[in-house]
Amino acid sequence: MKPLGPTRLILMTAALSCCQAAFAHGPVFDCYLEHDDQVKCEAGYPDGSSAVGRKIRVQDARNKLLLEGSIGADNTYTFQAPAGDYTVLFLGGDNHDATIQSADISR
Amino acid sequence: MTFTRRLFQTLAGATFGCVACAAQAHFQMLYVEDTAPQRGDKLEFALVFTHPFSGGPTLVMDKPRAFSQVSAHGSKTIDLRQYLRPVQWQSRDNQATAYRASIPRELMRSLGDHIFVLEPEPYLEAEEGLYIQQFTKLIVNVGGVPGDWAEPQGLPVEIQPLSKPYANWTGGVFRAVVLADGKPVPFAEVEIEYLNHAVDIEQNSFGQAAYVTAPQASFNAQSTYADAQGIVTLGLPRAGWWGIAALDIGATKTHKGKPLSQDAVLWVQVRDMAPGKDSGIAH
């Protein structure tokens, strides 16, 4: 079996996190590294719904909460990359959660 | 109506009719492999002025006047000319100068619609003694979050999509409005052409084999007209790439003392409804 690439993993995580009936509105979520190790995350929905105000959590490898914030008016949230492995969790509402691992976040 | 005016209209009709004739089957390609990536990544473009159904002959391109990207957040237009590089494109019958562009991931990371616009230098069709200039649009969507795909880009001529150009199933229907100076063009002459050869973007070439065989020459490029509101509707019978060109709709009718056909081109990518691996549907 072909191993799943990071993109598939991200989308699968998002898909599995959604209740089936609301699958059409499952979130799309991605993060990438900008200058000075700033991590920029973007969120949205395939139906064009706004993600503004939705919560973002950054957790370490033991699920300890490191940071918490909200998606801004431009549908992004930016934070300083923590040391070590971490996970970014997007709380999309109605169980529409999506996660991305630090290993899948690049420039 | 005076004789002079009637004569002028006759001559103008003949001239512009010839422009439309000559412009037929020339298509400005703005090609990428995938217009709907799940995640933003660097993007390889091929800009080729050619005959997509027959896989050539390809026509020599001069350096484009403009090649730009409206970013997914819609707030800025990025000049992409710095990424253009000339290449020799190998089509079935000949080799001619085309352009490639490697767009870095940094410009493609954002979720949503990235709108690419090409304004080529007018091409001199020497045998006909006229110029052709095809304003060409391609829309790439990252991740499935919709954006400004339906927004006009303020071009002298353009095709404004009424359906997402990057999300079409085989057998679907696509609709768009033909615009000149931002206004619909009633009954605009439109050509639709299928990219009938594989594209090897790394080798800058078309594949030799045709996907389909046309029963007769008039099938190579299908001709139709927009309706009274300038709306063109087409079916999408096969997966791959479909080019839509509205011919000779620009207000500028001459270039360097010769007739000019300003055309609008939009490319649409079509996908098969392949059954999922766990669907239980035999395939």
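All of the numbers you see were taken from the coordinates with simple rules; none came from a lab. Note that the coordinates shown come from a computational prediction; the quantities given were computed from them, not determined experimentally. Note that we place each Cβ from the backbone using ideal geometry, even for glycine, and neighbour counts take in every protein chain shown.
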Check: Any idea how far the Cα center of region B:58-86 sits from the one of region B:152-216, in Å?
Finding: 19 Å
Notebook entry, point to check: For region B:10-271, what does the alpha-carbon gyration tensor say about shape, rounded, prolate or oblate, given a ≥ b ≥ c as the root eigenvalues, a/c under 1.5 as rounded, and a/b over b/c as prolate?
Noted result: rounded
Check: Looking at region A:26-63, which trypsin sites (Lys or Arg not before Pro) are in a loop (DSSP not H, G, I, E or B) and have at most 11 other Cβ atoms within 10 Å?
Finding: A:62
Check: How much of the DSSP beta bridge set in region B:81-240 is antiparallel, as a percent to the nearest 5?
Finding: 95 percent
Margin query: Pick from B:38, B:133, B:269 the residue whose mean-square fluctuation is largest in a GNM of chain B, springs joining Cα atoms under 10 Å.
Written below: B:38
Next item on the list: Please identify, among B:244, B:78, B:139, the residue showing maximal mean-square fluctuation in a Gaussian network model of chain B using a 10 angstrom Cα cutoff.
Entry: B:78
Next item on the list: Identify which of B:224, B:213, B:233 has the largest mean-square fluctuation in a Gaussian network model of chain B, with springs joining Cα atoms closer than 10 Å.
Entry: B:213
Next item on the list: Work out from phi, with θ = phi - 60° and the Karplus expression 6.51 cos²θ - 1.76 cosθ + 1.60, the ³J(HN,Hα) of each residue of region B:55-63, listed in order in whole Hz, and give x for Gly and Pro.
Entry: x, x, x, 8, 9, 5, 9, 7, 4
Next item on the list: Report the label-to-label distance for residue A:74 and residue B:203 in nanometres (one decimal), using points 7 Å from each Cα along the Cα→Cβ vector.
Entry: 4.3 nm
Check: Ordered by residue, what ³J(HN,Hα) values in Hz, to whole numbers, does region B:34-41 give under the Karplus form 6.51 cos²θ - 1.76 cosθ + 1.60, where θ = phi - 60° and Gly and Pro are x?
Finding: 9, 8, 9, x, 6, 9, x, 8
Notebook entry, point to check: Each residue of region B:125-142 in order: what ³J(HN,Hα) in whole Hz does its phi give by Karplus 6.51 cos²θ - 1.76 cosθ + 1.60, θ = phi - 60°, with x for Gly and Pro?
Noted result: 7, 4, 5, 8, x, 8, 10, 10, 9, 10, 6, 10, 10, 9, 10, 10, 10, 9
Item checked: Under 26 Å from residue B:76, Cα to Cα: lysines that are on another chain or at least 8 residues apart -> A:40, B:42, B:63, B:137, B:164, B:183
Check: Which far-off residues, 5 or more places away or on another chain, put their amide H under 5 Å from the one on residue B:49, with H placed in the peptide plane?
Finding: B:29, B:59
